[in-house]
1. In the stretch 365-380, is there at least one residue being within 15 Å of the ligand (Cβ to nearest atom), over 21 Å from residue 318 (Cβ atoms) and either over 20 Å from the mean Cα position of the chain (by Cα) or part of a strand (DSSP E or B) (or both)?
2. Taking the options 220, 213, 234, name whichever one is at pLDDT 95 or above, in a strand (DSSP E or B) and either surrounded by 21 or more Cβ atoms within 10 Å (Cβ to Cβ) or under 19 Å from the mean Cα position of the chain (by Cα) (or both).
3. If residue 350 satisfies every condition in (1) over 17 Å from residue 222 (Cα atoms); (2) within 24 Å of the chain's Cα centre (by Cα); (3) surrounded by fewer than 18 Cβ atoms within 10 Å (Cβ to Cβ) but one, which is the exception?
4. Identify all residues within the stretch 82-131 that are in a helix (DSSP H, G or I), within 19 Å of residue 148 (Cα to Cα) and at pLDDT 95 or above; write none if there are none.
5. For the stretch 292-306, give me each residue that is touching a residue at least 60 places away in the same chain (Cβ under 8 Å) and crowded, with 20+ Cβ neighbours inside 10 Å.
6. Given the options 150, 188, 178, name the one that is part of a loop (DSSP other than H, G, I, E, B) and buried (at least 16 other Cβ atoms within 10 Å of the Cβ).
7. State yes or no: is residue 359 without any contact (Cβ under 8 Å) to a residue 60 or more places away in the chain, part of a helix (DSSP H, G or I) and either surrounded by 14 or more Cβ atoms within 10 Å (Cβ to Cβ) or within 16 Å of the ligand (Cβ to nearest atom) (or both)?
8. Of the numbered conditions (1) modelled with pLDDT under 95; (2) more than 16 Å from the ligand (Cβ to nearest atom), residue 350 fails exactly one; give the number of that condition.
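The values are calculated or read from the model by the stated rules, or taken from the named source; none is laboratory data. If you're wondering where the values come from, they're calculated on a predicted model, not measured in any experiment. All Cβ positions, glycine included, derive from the backbone under ideal geometry; neighbour counts span all protein chains shown.
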Ligand SMILES: *[C@@H]1O[C@H](CO)[C@@H](O)[C@H](O)[C@H]1NC(C)=O
């Protein structure tokens, strides 16, 4: 439509230039052609791609989850040494989901546990369950269940650095369990919103039943897409009877829901998704009505908080949102929105967005170049928002700010932990 309008106005311009001399006309015509081509071509291909995404839902799945973009070409995911780990520091294994998918998982040992058991670990035959024993047999061990972002796999980008960073807050105790969702890396199946929740449940089941770690010694961590999986998961467990509540949850670079995300997301911080349409709300709504995955985190976080604030849950909740102000993939406003939905759910009459932003100005602790934090406390729990000045979309998950937030989440159930 946009392309047609441009064509029509270009043709009109050409017609009015009839009176001018031949040479000027040719030059203007040439320039116009060039100009229209450079606008029409990208615009047409953009709308063609949107059309294809609507017509072929599986293409949309690929475009959103990017699960086939491995980002670890020519490396074997069963060789964690290739990603900077010590021999047998990572146990590579698989977890079955309730609907028959097989997830490729890593159990990452913290450095302190590794160094104390290095000889045994090096001597252990492949397939040994020594790593699992080291986690299970220490009544003080802690586990972070890690939900990674879209694209790539459990070994790509900053993820291995992030597993190491997380353990560094208490290198004798904090283990990490990470896995590729269905369809990612070596895991079977195709990603979907329901499917990824089942994957999360399978990981929690492994932690509680295979590794024997109670929820009070587990922190749920998510980054980017992983925040949506994490929120869906904690909401699920909060509505179980009896409710299961984890020591805490840390969410890095969250998004409020897919519709808002596509209106603001830029792939690699550059290529817009639906933001060109966001100026035409009906058009945007039209495209959004074809979304297969909506990931309504803003509603789910409200449900989680309402449930946790009710008497149904005995344990306190502990929720941290972290976002970097220089994140060009997902705007940090998404975290403001999620924090608002969470806080709103603690109040029986709710609170307006602007009103809360005003209160936040008064409560804010400023850390200069380190950003700022706001903490919202109730009798039943704590909601923290940490805004970093630096950290972009993914580097911050390997930063000490993230490791410390996870340590605090463990201290929610054991104030002496790591001190
Ligand atoms: C805020 O809470 C109130 C009261 O529970 C609710 O009616 C309202 O829908 C909530 N608003 C948002 C944006 O979640």
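1. Scanning the stretch 365-380, I find no residue that is within 15 Å of the ligand (Cβ to nearest atom), over 21 Å from residue 318 (Cβ atoms) and either over 20 Å from the mean Cα position of the chain (by Cα) or part of a strand (DSSP E or B) (or both), so the answer is no.
2. Values: 213 fails: in a strand (DSSP E or B); 234 fails: in a strand (DSSP E or B).
Of 220, 213, 234, the one residue that is at pLDDT 95 or above, in a strand (DSSP E or B) and either surrounded by 21 or more Cβ atoms within 10 Å (Cβ to Cβ) or under 19 Å from the mean Cα position of the chain (by Cα) (or both) is 220.
3. For residue 350, the failing item is (2).
4. none
5. Residues of the stretch 292-306 touching a residue at least 60 places away in the same chain (Cβ under 8 Å): 292-295, 297, 300-301, 303-305.
Correct list: 295, 297, 300, 301, 304, 305.
6. Answer to the check: 150.
7. On the way: without any contact (Cβ under 8 Å) to a residue 60 or more places away in the chain: yes; part of a helix (DSSP H, G or I): yes; either surrounded by 14 or more Cβ atoms within 10 Å (Cβ to Cβ) or within 16 Å of the ligand (Cβ to nearest atom) (or both): yes.
Here the answer is yes, as residue 359 does meet what is asked.
8. (2)
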